Amino acid sequence: MNVLIKSATIIDTKSEFHNQTLDILVEAGRISKIGTALENPNHYDILELENLHISQGWFDSSVSFGEPGLEERETIVNGLKTAAYSGFSTVAINANSHPVIDTNSDITFITSRALNHAVKVLPIGALTKESKGVDLAELYDMKTAGAVAYYDYQKPITNANLMKIALQYASNFNGLVCSFPQDNGIAGKGVMNEHITSTTLGLKGIPALAEELQVARDLFLLEYTGGKLHIPTISTAKSVELVREAKAKKLDVSCSVAIHNLFFDDSVLNDFNTHYKVLPPLRTQSDVDALIAGVKDGTIDMVTSDHNPLNIEEKKVEFDYATYGTIGLESAFGALQTLFSLKKSVEILTRGKQRFGTENTPIQLGNAANFTLFNPDAKYTFTTQDIVSKSKNAIFEGESLKGKSYGILNNNQLVLNIK
């Protein structure tokens with residue numbers, strides 16, 4: 001890939017060119033020149049876009065695509081196209097498929113389907129066989145095939161001893177164990193946050209306590225066993241406090257939050273719109289405020305779209321029976337920029353890679369080109385026209401957002417979302 005990028009504002013605090021508007025010459029996928037009014041003697045393609053900004057490639061720590069087995073929701077090929085169009089050059093793919101990704105050959109299937117794509121794929125294997133929470137999956141065997149972490153997607157490990165053994169075993173090869181923060185004994189048959197809105201609507205609630213007990217349990221286990229723990233998609237103020245205290249103790253723990261849990265509170269459920277049925281559920285405004293504070297101070301390591309495509313029949317039913325989940329890749333940047341500054345939004349989208357075994361690539365001479373290209377000032381209402389995914393279960397449909405991705409340049413390939 002040879003291209004001359006004209007007049008791009010570089011947003012990269014790790015680069016000496018941060019906040020400068022410059023031309024960038026990419027030859028054979030590497031940055032060969034950065035400067036003003038660069039010449040183009042070799043007549044490479046020229047890329048000029050309105051209000052073009054570039055940063056290090058963005059990362060999403062939790063996406064689901066369905067394949068294998070649930071291709072009607074999303075395929076890996078179209079899912080990676082969606083990620084690229086949305087500005088993500090690296091994504092961690094959950095074991096949320098049928099069959100569940102829980103063997104060496106399953107991980108190999110994922111990596112082979114993504115081979116040579118512009119988007120780098122980091123496969124997450126199931127923590128337990130078939131994600132049933134009974135027996136550990138072949139964790140080391142999956143690691144040799146490329147698994148970067150182990151997670152039974154949105155399924156809590158109810159057996160504390162099993163979680164203890166998982167942390168101990170995975171520590172032998174520096175494996176990252178993920179634990180969904182919900183105690184199902186407390187959550188029961190709840191379908192939304194237990195609070196004033198659930199009482200008003202007559203819906204069974206999931207108490208914040210259900211999350212906080214599980215987070216506390218897992219942090220106690222981590223302190224006992226050592227190892228590496230990642231807690232995906234926390235949603236309560238107390239969870240933020242618990243993780244902050246654990247980090248103060250120097251425990252090897254990280255966590256993420258879903259962008260929709262930063263953007264919405266449970267009051268949006270007043271019309272029973274199933275697009276808002278997500279797990280963990282949307283919480284109170286005080287929880288939202290604590291989560292945003294946790295993102296700002298680094299207690300929360302990553303913000304994820306928690307992208308989870310679902311068939312229309314899984315959402316167009318009564319609220320009690322609807323499936324949890326929303327797509328979110330396409331709206332992630334626009335939603336973040338309504339909450340944070342441009343610099344902070346980019347920093348959020350580019351941090352966390354190292355936790356999943358890959359490194360950031362600063363925008364410097366000689367480095368491989370791993371860019372996200374975007375217009376941070378585009379204001380629009382998010383509609384189905386903005387959706388690239390096969391599934392359309394978008395929690396942000398109808399919301400006013402700020403900022404759009406043009407695409408990515410990565411792995412010696414340029415993928416643009418220009419209509």
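The values are calculated or read from the model by the stated rules, or taken from the named source; none is laboratory data. Since the structure is predicted, the reported quantities are computational estimates derived from the model, not experimental observations. Because the Cβ atoms are built from the backbone with ideal geometry, glycine has one as well, and the counts that use them run over all protein chains shown. Please note that ligands, DNA and RNA were not included when accessible areas were found on the heavy atoms of the full protein model with its side chains. Shrake-Rupley method; radii C 1.70, N 1.55, O 1.52, S 1.80 Å.
Being open to solvent by 50 Å² or more (accessible area, probe 1.4 Å) and either touching a Leu at 6+ places or on another chain (Cβ under 7 Å) or part of a strand (DSSP E or B) (or both) is the filter here; which residues of segment 362-380 pass it?
Selection gives Asp377, Lys379.
For segment 38-53, check the following and say yes or no: at least one residue is closer than 26 Å to Ile300 by Cβ and either outside any loop (DSSP other than H, G, I, E, B) or of a type outside the set (Phe, Trp, Tyr) (or both).
yes
Kindly evaluate Ala290 against the criterion of being open to solvent by less than 40 Å² (accessible area, probe 1.4 Å), closer than 27 Å to Ala95 by Cα and of a type in the set (A, V, I, L, M).
Criteria not met by Ala290.
Please count how many residues of segment 381-403 are under 30 Å from Glu71 (Cβ atoms), surrounded by fewer than 21 Cβ atoms within 10 Å (Cβ to Cβ) and touching a helix residue (DSSP H, G or I) at 6+ places or on another chain (Cβ under 8 Å).
Summing the residues that are under 30 Å from Glu71 (Cβ atoms), surrounded by fewer than 21 Cβ atoms within 10 Å (Cβ to Cβ) and touching a helix residue (DSSP H, G or I) at 6+ places or on another chain (Cβ under 8 Å) in segment 381-403 gives 6.
Considering only residues of segment 219-236 that are surrounded by 22 or more Cβ atoms within 10 Å (Cβ to Cβ) and assigned to a strand (DSSP E or B), which is farthest from the chain's Cα centre (by Cα)?
Leu229
State which residue is most open to solvent (accessible area, probe 1.4 Å) when the search covers only segment 408-419 and only residues that are in contact with a helix residue (DSSP H, G or I) (Cβ under 6 Å, 6 or more places away or on another chain) and assigned to a strand (DSSP E or B).
Going through the qualifying residues, I end up with Val415.
Any chance you could count how many residues in segment 142-180 are assigned to a helix (DSSP H, G or I), open to solvent by 70 Å² or more (accessible area, probe 1.4 Å) and of a type in the set (D, E, K, R)?
Matching residues across segment 142-180 total 1.
Tell me, which residue of segment 67-105 that is surrounded by fewer than 23 Cβ atoms within 10 Å (Cβ to Cβ) and in contact with a Pro (Cβ under 8 Å, 6 or more places away or on another chain) is farthest from Ala149 (Cα to Cα)?
Checked segment 67-105; the qualifying residue farthest from Ala149 (Cα to Cα) is Gly69.
Select, from Phe340, Phe356, the only residue that is open to solvent by less than 20 Å² (accessible area, probe 1.4 Å) and within 12 Å of the chain's Cα centre (by Cα).
Going through Phe340, Phe356 in turn, just one is open to solvent by less than 20 Å² (accessible area, probe 1.4 Å) and within 12 Å of the chain's Cα centre (by Cα): Phe356.
Of all residues in segment 308-331, how many are of a type in the set (A, V, I, L, M) and more than 18 Å from Lys390 (Cβ to Cβ)?
Residues in segment 308-331 being of a type in the set (A, V, I, L, M) and more than 18 Å from Lys390 (Cβ to Cβ): 2 in total.
Just to be sure I understand the filter: pairs with C-beta atoms under 6 Å, separated by 6 or more residues or on different chains, first member in segment 286-307 and farther than 27 Å from Ile387 by Cβ, second member hydroxyl-bearing (Ser, Thr, Tyr) and not in a helix (DSSP H, G or I). Which pairs pass?
If the second residue must be hydroxyl-bearing (Ser, Thr, Tyr) and not in a helix (DSSP H, G or I), the pairs left are Asp287/Thr236; Asp301/Ser254.
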